[in-house]
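Please read the structure below before turning to the comments.
Only the coordinates and a few stated rules stand behind these numbers; no lab work does. These numbers were taken from a predicted model, which means no experiment stands behind them. Reconstructed Cβ throughout: ideal geometry from the backbone, glycine too, with neighbour counts over all protein chains shown.
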Amino acid sequence: MSTPTGQRRFPRLAVALLFGSLAVACHAGDLDPTSPSVPATTTLQIETSGTSEALETPLTLTGPNGFVASRTSAGTFEGLVAGPYHIHAAPATRDGHRWDPFPADQMITIDPAGGPVQISVEYRLATGALALDVTGLSSGVNADVGLT
């Protein structure tokens, strides 16, 4: 079969490959409207226990891309992207007493597809005071007191 001068014939295979590629590209762009999309961020809820509500419990969260945020009590950190995060709970003080956090440091991995994350920090009284009055002894007599 001859063709006019200056024109080329595309082989059937090339045409079939071209249409096949277009069909695949068009199909790949289809999205299922019923499938849920993956969120870009999520939240971290930090609960504290062992202290009164009035005691400030300093919490610092560091994460990807230089992220740093702080709170002075339990609560929620919002807008967290996927990645590793470090939570540091500092000792809390009030009225001359110190409460230490357990654990003081925690590492977690945030995955927005997994939904909100919740962790706990328990505070325990680390220092205390004892007031002791001894009565009933004559003046100048030392009391023999023992504590266990």
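Points worth noting:
- Entry note, the stretch 93-148: relative contact order of 40 percent, from Cα contacts under 8 Å with a spacing of 6+ residues.
- Amide H to amide H distances under 5 Å link Ala126 with Arg98, Trp99, Asp100, where only residues 5 or more positions off or on other chains count and H is placed in the peptide plane.
- In this calculation the C-beta distance from Val68 to Leu147 is compared with R0 = 35 Å, giving a FRET efficiency of 0.20.
- Stokes-Einstein D for the stretch 55-148, Kirkwood Rh over Cα pairs, 37 °C, 0.692 mPa s (µm²/s): 197
- Taking amide hydrogens as placed 1.01 Å from N in the peptide plane, the amide H of Ile110 sits under 5 Å from those of Gly83, Tyr85, each at least 5 positions away in sequence or on another chain.
- Label-zone membership for the stretch 59-79, site Ile119, 7 angstrom Cα→C-beta point, backbone N under 11 Å: 60-63
- Inter-label distance for Asp133 and Ile108, nm, one decimal - labels placed 7 Å from Cα along Cα-to-Cβ: 4.8
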